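The values are calculated or read from the model by the stated rules, or taken from the named source; none is laboratory data. Treat the numbers as computed from the prediction; the structure is a model and nothing was measured. So basically every Cβ, Gly included, is an ideal-geometry build from the backbone, and we count neighbours across all protein chains shown. These accessible areas exclude ligands, DNA and RNA; they are computed on the full protein's heavy atoms, side chains included. Shrake-Rupley method; radii C 1.70, N 1.55, O 1.52, S 1.80 Å.
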Amino acid sequence: MPALITPLGPKRRDHLGVILPHEHVFVDLRTWDQPGYGEADPDDVVRLMTPEIDAARDAGVTAIIEPGGIGVGRRADILLAVSRATGFPLVAPTGVYREPWLPPWVRDASDAALREWMIGELTDQIDDTGVQAGWIKVAATDEGVTESEAKVLRAAAGASAATGATIGSHTLRGAVAREQLAIIERTGGSAERFVWIHAHREPDIAIHHELGRRGVWIEYDGIGDEGSDPMFIDLVHRALDAGLADRLLLSQDRGWYDPAKPGGGTPKPFTYLSDTFLPQLTASGIDDTSIDQLMRANPFLAFAR
Ligand SMILES: [Zn+2]
């Protein structure tokens, strides 16, 4: 029985409703060599983020996929602390962000060593925290996949093939997403287990649809960005018109506790999509069955294993 792998244990479809596939609880966008990188007291993160998670739950959200992997301050212990304090599942990733955020040990590791590390986190736990990774987060440089990023992606494809875990990649250009799919398929992975994160940043919608038809999950995850509602409503209509209702994911890329800011800064609420965007989507003619598919079925199918 497929389940979302969470710090609170596996969650089956019948225990979940709306799932947000890309929201952050804890991110540090400084590089690993900066003083204070990734440092925070879990209690402080719990204090700042609990009201945001409670508000999301009140808006009907039942789980969040957390995309902060190695390179952007991943702290599985913090995801566990927040999940426990709120009783709300945050799905943790294995995997590594793009250059120049790659730490030296990743640059020096072989394909095989990285693959085994990912498989260990996906099947056992992350850093002795008891938290099992739910999926694999990677990223690519905008101009094209670098050698180190290709190595991480090959390891991810191998780990995905071995465990059924989904790979999601921060990728801003369609040509780069296409290049990544070729690498994934050559290394034993599959389009159906690949999420193109930030797909809306590629202006050529034909590439979204091309990759969607090949089986890739197309994630439009900037919902709530200033003035972007008409664009996202149009993107949803076009994807549904292209027959891609079963390949589309919607999220906000919001949050989060930022250790670079005093007190973690001020998080952006996770509720914009439910409270403001979905009513507009309904008013634009998208029916409830389609909205259920986009907000409940798709994120579960994309990330469960
Ligand atoms: Zn993000």
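Counted over the chain with a bin width of 20 Å, the fraction of Cα pairs per bin, in whole percents, is 36, 60, 3.
For the range 120-216, what % of the accessible area comes from carbon and sulfur atoms, probe 1.4 Å? Working shown, then result.
On the way: 1470 of 3380 Å².
Carbon-and-sulfur percentage of accessible area, whole number: 44.
Taking the DSSP bridge list for the chain and keeping only pairs wholly inside it, about 20 percent are antiparallel.
Based on Cα atoms of the range 176-305, Rg over Rh with Rh as the Kirkwood radius reads 1.00. Here the label points at Asp111 and Thr276, each 7 Å from Cα along the C-beta direction, are separated by 4.5 nm in the simple model.
Over all pairs of different C-alpha atoms in the range 107-185, the reciprocal of the mean inverse distance, the Kirkwood hydrodynamic radius, equals 12.8 Å.
Of the peptides 208-214, 239-245, how do they stack up when ordered by the mean number of other Cβ atoms within 10 Å, highest first? Display every interim value, and only then the final one.
Working: 208-214: 19.1, 239-245: 16.1.
Final packing ranking: 208-214, 239-245.
Using the Stokes-Einstein relation with a Kirkwood hydrodynamic radius computed over Cα pairs, the translational diffusion coefficient of the range 64-149 at 10 °C and a viscosity of 1.306 mPa s comes to 118 µm²/s.
In the full protein context, the chain carries 38 Å² of accessible surface per residue, based on a 1.4 Å probe and ignoring ligands, DNA and RNA.
Note on Lys151: lysines with a C-alpha under 18 Å away, same-chain residues under 8 apart excluded, are Lys137. The distance separating the Cα centre of the range 256-305 from that of the range 69-105 comes to 19 Å.
At a 1.4 Å probe radius, carbon and sulfur cover how many percent of the accessible area of the range 30-78? Can you show the working numbers first?
Numbers: 970 of 1970 Å².
For the range 30-78, the apolar C and S fraction of the accessible surface comes to 49 percent.
Dividing the Cα radius of gyration of the range 1-136 by 2.2 N^0.38 Å, with N the residue count, gives 1.05.
At 0.36 nm per residue, minus the direct Cα-Cα distance, what do Asp33 and Asp128 gain on full extension? Give it in nm, one decimal, please. Before the final figure, lay out each step's value.
Values: separation 95, 0.36 × 95 = 34.20 nm, distance 2.30 nm.
So the chain would gain 31.9 nm between Asp33 and Asp128.
How far is the Cα center of the range 197-211 from the Cα center of the range 121-148, in Å? Centre-to-centre (Cα) distance: 23 Å.
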